[in-house]
Each structure stands twice: as structure tokens, then as C-alpha cells.
Amino acid sequence: MANDVSKLDTTAANTAAITGMQMVMNAVQSPMYSVDDNFNVVSVNNALAMEIGKTPGECVGQKCSALFKSHHQCAGADCAVKKAMLLQDFQSQETHAQFNGKMMPVVFDATPIVNSRGEVSGAVNMIKSRSDDQSIAAEIAQLKTAALEGKLSARANPALFKGESRQIVEEINEMLDAYIGPLNVTAEYVERISKGDIPQKITEKYYGDFNEFKNNLNQLIDVVNMRNQDIGLLINSAIEGKLDVRADITKYSGTNGKMVAGINNLLDAVVGPLNVTAEYVDRISKGDIPQKISENYRGDFNEIKNNVNHLIDVVNMRNQDISLLINSAVEGKLDVRADITKYSGTNGKMVAGINTLLDSVIGPLNVTAEYVDRISKGDIPQKISENYRGDFNEIKNNVNHLIDVVNMRNQDINLLINSAVEGKLDVRADIAKYSGTNGKMVEGINTMLDSVIGPLNVTAEYVDRISKGDLPPRITEKYNGDFNEIKNNLNQLIDVVHMRNDDIGLLIKAAAEGQLGTRADVGKYQGANGKMVAGINNMLDVMVSPINEAMRVSHEYANCNFRARLSEELPLKGDFLKFRNALNDIGESVSTTIDVVQKQANEYANCNFTARIDNSADIQGDFVAIKDSMNNVGTSVSKALNVVNQQVVELAANAQQASASANEVSSGSAHVAKNVTLMSQNAEKGSEGIKQILKAMEDMSANIEEVASTTDSVSRLSRDANELSKLGAARAQKADQGMASITKSSAEVDVIIEDIKAEMEKIGKIVGLITNLANQTNLLALNAAIEAARAGDAGRGFAVVASEVKSLAQESRASAENISEMISKLQKKSEQAAVAMAGANKEVKDGSAALTETLEMFNKIVLSVDQISKDMDEVAKASEAQAAAVEQLTATVHEVSDHVQSTSKESMDAAAASEEASASVDQIARVIGNVNGIVEKVSAETAKFQV
Amino acid sequence: MATASAARAAAPRPQESRRSSISDTIQVVEFLLGREHFAVDLFDVKEVVEFTRITELPSSPSHIRGIIDLRGEITTIIDIKKQINILKESDRDEMNSRIIVLDNTITKSKIGILVDDVLAVSTFPGSEVDITSASTTDDALIIGIIRKKIKVKDSQNTELIIWIDIRKLLRDSGNSSES
């Protein structure tokens, strides 16, 4: 308030300043006034005016003490205003003042107004009601009492106050809220935590120490939660039987983890023994009896340990007793029983029971054992008559039944044995009365009897048949064991009999067929089986050897050796002697006859055909004919010789006649020779003329030769030309072939192009399909978009799908179009290729045509050359013909010449011939001479014979 | 028919409010008639199907092409080009045309409209729709013109799509469900 108010200067500026100050003071809620240094009121604010009950205008100019009364003496030493003005400093004074008849406690805040010259020109005093303060103090006292009583919700009532006081009260309330709020929250949290309703951590923002509170509370909540979790974990694990689970206490700070650690320890302390017990019980249950527990336990755990140990003792004891009983039973000591008195309670029941079991089992067992013993020794006891219970009765019945069966069986066996001894081989026991396999033995004996008697019967029958000569076939049935031996022996007997019969048959047949060398093979017989056959062999030998000797002698006779005789060394007896003598006699007779005939023949050889065999020779039978024949020979020959003599005489006479004729012929041929010489001379003349002709012929021949050679060279040239044209033709052929192959290749290319076209059409069809597909897909996309849009929000996702499908459709369509484009390009290209191929084809055709023409040309050349050749040949032929003609002519001339010569020659020949004729005649004469000579000789010879 | 439609034209129409204010976006089905693009409100459309053989009905107006069997339901096919007198023939084969089947809410019987091709289902902002220039009266067939910006080789072209009121079309042809 250092407004420059210069001692109530009422100038305009001052007035303005005062007005300004007035405005300022009016703004202040508390009563306020300003005075000059004489305590005249300069301005009063509205608040004070209201308190006083006057208007501000009424107050100005009056002394301030007039406006209101204060407790202190106005303008006295206590007056704050005065003091302020004196001391030129702010002064505050608590006092009482009376406003509107009401005395109320106030505070005067006075401030001196100092002008620009530093002089105090006045003061401003603000009156603040202390009643508020007192009330505030009262309120505060109330609040304090409430707080001490713990009524934390108590608050001051700001409605009782106005202005700053109200503000103060409100702020006090807010301060209380600020303190008590967190406190309440803390109280509430602590209450909830104490009741176990763990709240969420505090998330609101607090400031300063309250934040500390909040953090601590949160930490507490954390710890409580953590602990609860751990405890919960341990509890659940224990419930689920996971006895190893322990909580981790390291995450706790301070002694927070003590409880959890304690629980861990508790678990350890309990679970330890539990595990040991569990393990022991497990082992005992598995039969692995452990050692007694020796560790020390405390309290109830010790009880458990003792009980487990006791259990182990009992189990061991029982096992020992049971083992004892079992071993004794196994070793057969059936009297041994266990002592049950050492068991307590019902522990011994089992062992006692086993004892009783043994008793009740062994009694009947002993009886049964005794009975079985007797039965086994063959002393069949009487059936058991005592009464037993349950299965023992069964055993008794079974033993009795066994006795019955044994008796029955013995009877049956006796029956069978006796029958067999008495030879009643058909008797068999009835096995129907046996049950189960009891009858098996008797049945077996039946079967045994069958199996023995069967083969026996068969053997008897076979031996019977063999003895009667009715050889049965070999036994083919299968027998077992020794029966098989019998069967084999029987079969072997049959074989031997067969073999012997066969051998005898063979020998008989051979003898009947005259195969005298056939002998039976005795080696295949065993033992003395072969004796008979060997004997037959010997018999045959004895019979056959004389026959063989006789055959030898006959053979000798057949070879005309009649000197042979049967060997004396042959041991012949009986009828065989007669046989030998007979044969020998044959030899004698024949020898004699031969000698006689020989003698006669010698006589004839000596030309004595008069000799005859007379009856002095001892010739009989058929030989007589020989004798007669020999004699006849002599007779005939004599006669013949006589005839010959006669003829020779006649021959001599004829030879004479022939000689005379030959002479006549000789003279005739001399005549012929003369004429021929004449002819020869004429022929010589003709020969000369012919020679001349011949020379002219030769000249012509030479000319013809020249022509021939020229035609030859022409021929050669034309041949060359032919060759070349043929070569050309061949080349042209090749080119033609090449053309043909080009044509073929282009045809193939055409085919390929056609194929390509067909393929492209196919592709085109497929593209059409794709396009169709794309259209359909497009349609689908549209419909999908429609549906998606109609579905609104829900269809948004679907709308995405629809748009994807649409783009897919578009891509497909684009691809299809691409492919279509490519196909049309390809088609254009293939068209171009086809056109090019067609062009090539045309070229090839043209080339081919040209080639064909060329070929024709060549062929024509060849033809022409051929023609030339032919013509040349013709020329050659003609000249040859000419030459031939000339030759022929020459030849003819030669012929003529020859003829002439030959005539000449022939005439000479004729001359020669006639000479020859002469010679021949001479020869004939000679021959005749010879004949005569021969005649003479023959005569001389025949004269020798005595006829 | 004319009198009936006139009578109907005199009756109050609930679409008026729709005409005057366009919401933020519109969803339409774009289709092709001749060479021009048209569009109808998406929610009036049930589905789009391919062209199938239409069985003609005797003594029916020229714009009614006939009927088809659409999954067991007899659907009347309206040739929209005849009805709104578009003479320009499409250069597409009729086998490639499409039938827009209308939703049940706007017709009492099943109706489909024959169009040359269905192009897309699109959403346009209301700003791109011009309602004032095309419609001469409130009763016109054309609701507005949609400006569709399409990119053609680095330059942006604007295509104009004629948004028509399918209900009006049906009313004119006497097939509406409204009385």
C-alpha cells in the first residue's frame, strides 16, 4: 500500500489515487480502511462499511475511533495504527472491536503509508476477525479431541466460516484428509490382510512419506501373497503326495521367510521317517525283508520305527517257519510241524493253519501211499471203506476205482494169455467196459494179438499156397518191425521160387530152341537155393558137350575134311558111345569113296579115258551114283574126242579151197592202182588256179580288217560316251534322290506343322476353358462381394476374400489372354513355316522337274550313244560278215583246193588201198597157211588120246 | 400402365429423404449396358448369375424378356435396355451377359434384370456422387452420377457411372412390391 497519497491532497491526482486505492481495498474481503496521520479516515472498503452499517462515503473524514470501538484505547500506545505510523513498520495487534454492537475478537494489521518524500502520511488497517481464529481454534480443539479419541472421520465445518477462515478450515479439513486418507487406506488394507482378504497392491500415486506407506503396504501384500503361495504350494504338493517339494525361502527378506522355512523343516521332519517307512513297507511287500531300523527317532516316529521293526521280526519268523514246513514237506519229512506258540495275537494263525493243512492232507496221503504201494507190488488190497470228506473222499473213490480197474485189467489179460496159449487166436478182450484210457493196455494187447496173428495168418496162407504151387504175389502191405522181416522173408521165398521157375523155364526153352550154350546164372541164388538150377546146368553140360563135338566133326565134314573123328578124350558113356561111333563111320565111308574117285580122276588126267571104277571098291548108297557118273565121264569124253578127230579132217580140206580164191583177188587190185595215178595228175593242174583266187581273197580280207578296226575305235569312243552319260545319269539320279528326300523331309515338316497346329488348337481349347473359369470366378467374386457388403461389418473379412477371388479371376483372364496371344503368334509363325515349306516344296518340285529333264537328256544321250554303238556294231557285224564271207569264200576256195587235194590224196589213197588190198590178200593166204598148220597140230594132239 | 404409374407417382414416396441427402459412402453394383456404365444400390441386389436360356412369355410387355428357373425359383427377367431405351447394342455375345437378381425386399416376386456385363462391387464416397445435375425431377430414374477415378497409363481418367433407382424402374414396369 505504498500509494503516493500526499497528506490528503485533494487534487485530481490524489483523488484518482484515492479512488484507485478504494477500488483495491474494495477487492479485499476483510474490512479495511486507511487513515491519514491524524487518524482521519481517508477510505473505507465495502467490507468494513458493511460491518459498520454505513456507506463508505459516510465514513470518510471521521475519526476511525468513531467508526468502531476497540478494546484498546484508540490512538493509544497499543493502537496498531499508531504504532505502525510511529515505527514506520507493519504492526499486527490482537484485540477486540465492536461492530454493530457486537464485540468480537479481531486482529488489526496496520501498515504505514509513506509518501514519496519518505514521510508517513497515513496508514492502512486491515481488520481480520479473530473470532474466526477462535472458532478455528475451537474447531481445531474439537478436531484434536476427535483425533485423540480416534474418530478419524471428524472434520471441521467450513460452513461456519467465511472468507479466509473458511479457506483455512477447508484447508485444515483437506490436510486431515491428506493425512487420514492414506491412514484409512492403510487401516483398510491392514484389516483386509488381517482377515485374510489380500487386496490388490495400491496403485494410486502418493507423495512423499505417503508413498513410503504405499510401498510398504504393497511390500507387505507381496510378502503375504508370496507366503500364501508358498504355503499353498507346500500344502498341495503334500496332498498330491509330492513329498520332495519344498518352498524357496531365499526370496524372503529378514525373518519373513521363517514361517515357510519352518514349514519346510516340518515337512522334512515328517517326510523323512515317512519315506523310510514307505520304503521299508515297499520292500517287505516285495518280499525283500530289510534289516531292522537302527536309527534313532524321536517321539511318535520312534513308535513307528519300533512297529516296523516288530513287523520285520514277525515276517522273518513266519517266513522261517513256512520255509521249514515247505522244506520238510519237500524232503518228505511229513511229520514236521511248526511251533506256533512264539507268535502273538493272530500272527501265528497262518502257520497254525499250515500245520493243520499238513495234518489233514498227509493222513489220507499216507493211506493212499500205502494202497498205491501194495497195488504197485501186485498185492491188490480191498477197496477203502472208511469215510472221508471232500476231495479226500474223491481220492478214496479214485483209489477204489483204481483197484477195480487193476482187477478188471488183470482178468482180461489172463483171458487173452490163456486163449493164446490154447491156440484160440480169435479171442479178444472187451475194452468197452473201461473208461478213459484205462482200457488202453488191454486194447493194446488186443491190438498186439491182432498185429501178431494177422501176419501169422498171412504167412500160413502164403506158405500153404506156395507149397501147393500157387505162387502168390509179393506181400505189399506195410508191416512193422519183425513182421516186416517175416514179410520180407516170405517175399524173398516167393522171389526165389519165381527165379528158379524162370531159370528152369529159360533152360527148357533154350534147349527147345536149340540154344545149347544157354545156362542159368547160379550166382544170383543164395545158399543152397541154386543147387537145383546148378544141377540142371550140369546136366545140360553133360548133354551138350558130345553134341558140340559132333558139331565140330560135322563142321569138318562140311569143310570136306572127312578125316575128322570124334575125340576119344570125351568122357562119353552109354548112348553117347553109339553116337560117336555112328559119326565116325560116316567119316570112314566118305573118305573111302573120295579115294576111289580120286584114283579114277587121275587116270583121266593121264588121258586114259578107258579106265572105269569097278565093284572092287567098297562104294555103297549114294556114292554109287558118283561111281557111275565118273564112269560115264570116261565114256562121254571118248566119244567126243572121236568126233573132234573127224572134224579136223574136214577143216583141212576147206582151207585148201580158200587159198585158191585169194589169188584171184590180188590180180584185180593191181588194175585199180593204174587208173588212180592218172586221176592224180589232173588234180595237180586244178590246184594252181585255186592258188591265184586265194591271193585275191587275201587282199579283200585286209581291207575288211581296216574297216573293222575303224569301227572298233568308234565303238570304243561311243562306249566312253555311254559311260559318261551313264555317270551323268547316275549323278542326276542321286540329285533326284536328294530332291526326293528333301520332299520327304518337307513332307515330314508339314506333318509336324500340322501336329503343332493340332496341339495349338488343343491349347486354344484349354485357354477357352481357363477364360470360362476366369469368368465364373469373377462372377463368384462379385456375388461374394455383394454378400459381404450385405453382411456389413461381419462380412468385412469375407469382402477381403471376395476381392482376392476377383483379382485371381482377373489374373486368370489376363493369363488366358496372354496364352491366346501367344497361340496366335505361334499360329502365324507356323503358317509362315508352312508357307516357307510350301515355297521350298515348289523349289524342290522345280528342281526335280529340271532333274527329270536332265535325266531324260542323259537317257537320250545314252540312247543315241547306244544307237551309235549298235550302228557301229552293225557295221562291225557287216564287215565281219563281209570278212566272214570272204573267209567263207577263201574257205570254200580252200575247200575246193582241199577237195582237189583230197581228190589227189584220195586217188593216192586209192592207190594205197589197192596196195593194201594186195597186202590183205597176201595175209589171207598166210592165214590159210596158218590154219593148215593148226589142223595138223590138232590132229597130232588128238592122236594122243586113247579113245 | 401409364395411368397406374401416374397414380403411383402422385402418392408420397419414402425415398425422397434419401434423395436429398447422401450418406458418407455408397455401395453399388456396377454394370454395363451397351457401352455405358450403370450402377444400382448394393442392398437392392441379391446376386449375379450367368445368362441362361430365357423362356419367353406370351402376351408380355416388350421389356419383360421372359422367365428363368433359378435354383428352383421362377425368376422374371426384365430387359432393362428395352425399358430405358438404350438402343446401342453391346459388342459382346449375349451368352456373356449377366442377370442381376434383385433382393426380396424390393420386389414381391423374384425379378432379375438382364445386363450386358457386371463389372464390380464398389464403394464410393458421397463426395464423388453428383445428384443435382442428372435428376430433373424427384421422380427420375437416375439418382445421381458417380465420378469414378481410374488410372489409365500414368494418367488419371474420370469415368461417369449412372446410378439408377431400381425401385423406380420396377414401379415403371409395374413389378414393385409397393402399392
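The values are calculated or read from the model by the stated rules, or taken from the named source; none is laboratory data. Everything numeric in this text was worked out from a predicted model, so none of it was measured. FYI the Cβ positions are ideal-geometry reconstructions off the backbone, even for glycines, and counts take in every protein chain you see. Heavy atoms of the whole protein, side chains included, go into the accessibility calculation; ligands, DNA and RNA do not. Shrake-Rupley method; radii C 1.70, N 1.55, O 1.52, S 1.80 Å.
Take every residue in peptide B:120-127, count the Cβ atoms of other chains within 10 Å of its Cβ, and give the average of those counts.
Values: counts 6, 13, 2, 3, 0, 0, 0, 0.
The shielding value for this peptide is 3.
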Within straight-line cross-link reach of residue A:905, aspartates and glutamates at Cα separation under 14 Å, skipping those fewer than 8 residues along the same chain: A:684, A:895
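Output the direction-averaged projected area (hull surface divided by four) of the convex hull of the alpha-carbon atoms of segment A:395-534, in nm². Display every interim value, and only then the final one.
Working: hull surface 48.4 nm².
If I average the Cα hull's projected area over directions, I get 12.1 nm².
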Starting from 0 in steps of 20 Å, tell me what percent of the Cα-Cα pairs of the protein assembly as shown lands in each bin. 6, 8, 6, 10, 14, 16, 11, 10, 8, 4, 3, 3, 1
I'd like the chymotrypsin sites (Phe, Trp or Tyr not before Pro) in segment A:195-239 restricted to DSSP loop residues with at most 10 other Cβ atoms within 10 Å, sorted by number. A:207
Say the dipole of chain A comes from +1 at the beta carbon of Lys and Arg and -1 at that of Asp and Glu; which of A:890, A:341, A:72 then lies farthest toward its positive end? A:72
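Pick out, in residue order, every one of the GluC sites (Glu not before Pro) in segment A:101-206 that is DSSP loop and has at most 11 other C-beta atoms within 10 Å; say none if there are none.
Details: sites: A:119, A:139, A:149, A:164, A:170, A:171, A:174, A:188, A:191, A:204; in loops: A:119, A:149, A:204.
For GluC sites (Glu not before Pro) across segment A:101-206 that sit outside H, G, I, E and B with at most 11 neighbouring Cβ atoms in 10 Å, the list reads A:149, A:204.
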Modelled label-to-label distance, residue A:289 and residue A:742, 7 Å Cα→beta-carbon offset: nm? 11.7 nm
Using only atoms on other chains, find how many Cβ atoms lie within 10 Å of each Cβ of peptide A:781-792 and report the average. 6
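Where does each of A:554-567, A:215-228 land if you order them by average Cβ count within 10 Å, highest first?
A:215-228, A:554-567
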Give the lysines reachable from residue B:149 as a straight Cα distance under 23 Å; neighbours fewer than 8 places away on the same chain don't count. A:806
All other residues with a Cβ under 14 Å from the Cβ of residue B:67 taken together, and with Lys, Arg as +1 and Asp, Glu as -1, what is their net charge? 0
Quick one: 3J(HN,Hα) in Hz for segment A:49-66, Karplus 6.51/-1.76/1.60 with θ = phi - 60°, rounded, Gly and Pro as x. 4, 5, 5, 6, x, 10, 7, x, x, 5, 7, 5, x, 7, 6, 5, 5, 6
Got a number for the accessible area of residue A:622? Probe 1.4 Å, square angstrom, nearest 10. 140 Å²
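Determine, from the Cβ-Cβ distance of residue A:772 and residue B:25 and an R0 of 45 Å, the FRET efficiency 1/(1 + (r/R0)^6), rounded to the nearest 0.05. Don't jump to the answer; show the numbers that get you there.
Values: r = 34 Å, r/R0 = 0.76.
Approximately 0.85, to the nearest 0.05.
Could you order peptides A:439-446, A:179-186, B:112-119, A:510-517 by the average number of other Cβ atoms within 10 Å of their residues, highest first? It would help to have the intermediate numbers written out before the result.
Numbers: A:439-446: 17.6, A:179-186: 16.0, B:112-119: 22.4, A:510-517: 11.6.
Answer by packing, highest mean first, reads B:112-119, A:439-446, A:179-186, A:510-517.
Taking R0 as 56 Å, what FRET efficiency do you get between residue A:460 and residue A:541 from their Cβ-Cβ distance, rounded to the nearest 0.05?
Values: r = 40 Å, r/R0 = 0.72.
After rounding to 0.05, the efficiency reads 0.90.
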Spin-label point model (7 Å from Cα, Cβ direction): what's the residue A:303 to residue A:179 distance in nm? 5.9 nm
Counting only the backbone N, which residues of segment A:726-745 are under 18 Å from the spot 7 Å out from the Cα of residue A:866 toward its beta-carbon? A:726-733
Of all lysine pairs in segment A:224-295 that are eight or more residues apart or on different chains, those with Cα atoms under 29 Å apart total 4
Can you compute the equivalent ellipsoid semi-axes for segment A:52-184, i.e. the square root of 5 times each eigenvalue of the Cα gyration tensor, sorted largest first and rounded to whole Å? 37, 17, 13
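Count charges around residue A:446 for me, please; just the other residues with Cβ under 10 Å from its Cβ, Lys/Arg as +1, Asp/Glu as -1.
Net local charge, residue A:446 excluded: -3.
Distance check, please: which entries in B:82/B:168; B:46/B:168; A:69/A:128; A:333/A:396 exceed 20 angstrom between their Cα atoms?
Values: B:82/B:168 15 Å; B:46/B:168 17 Å; A:69/A:128 15 Å; A:333/A:396 23 Å.
Listed pairs above 20 Å: A:333/A:396.
Output the peptides A:372-378, B:33-39 sorted from most to least packed, where packing is the average of other Cβ atoms within 10 Å over each peptide's residues.
Details: A:372-378: 10.9, B:33-39: 18.6.
In descending order of packing, they fall as B:33-39, A:372-378.
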Would you be so kind as to identify all helices of chain A, as entire DSSP H runs, whose Cα atoms reach 30 Å or more along the helix's own axis and whose mean Kyte-Doolittle hydropathy is at least -1.0? A:163-194, A:209-240, A:258-285, A:300-331, A:349-376, A:390-421, A:440-467, A:481-512, A:531-558, A:575-605, A:623-791, A:796-944
Partner chain coverage, peptide B:27-33 - average Cβ within 10 angstrom: 2
Under 18 Å from a point placed 7 Å out from the Cα of residue A:245 along the Cα-to-Cβ direction: which residues of segment A:266-294 have their backbone N that close? A:266-272, A:275
Over 21 Å between Cα atoms: which of A:54/A:83; B:110/B:148; A:762/A:825 fall into that group? A:54/A:83; B:110/B:148
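Among the listed pairs A:734/A:842; A:757/B:81; A:765/B:81, give every one whose C-alpha distance is greater than 31 Å. Working shown, then result.
On the way: A:734/A:842 19 Å; A:757/B:81 42 Å; A:765/B:81 33 Å.
From the list (A:734/A:842; A:757/B:81; A:765/B:81), the Cα-Cα distance tops 31 Å for A:757/B:81; A:765/B:81.
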Per-selection Kirkwood Rh - segment A:691-785 (Cα, Å, 1 d.p.): 21.6 Å
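How much of the DSSP bridge set in chain A is antiparallel, in percent, rounded to the nearest 5?
On the way: 29 of 30 bridges.
Around 95 percent of the beta bridges assigned by DSSP in chain A are antiparallel ones.
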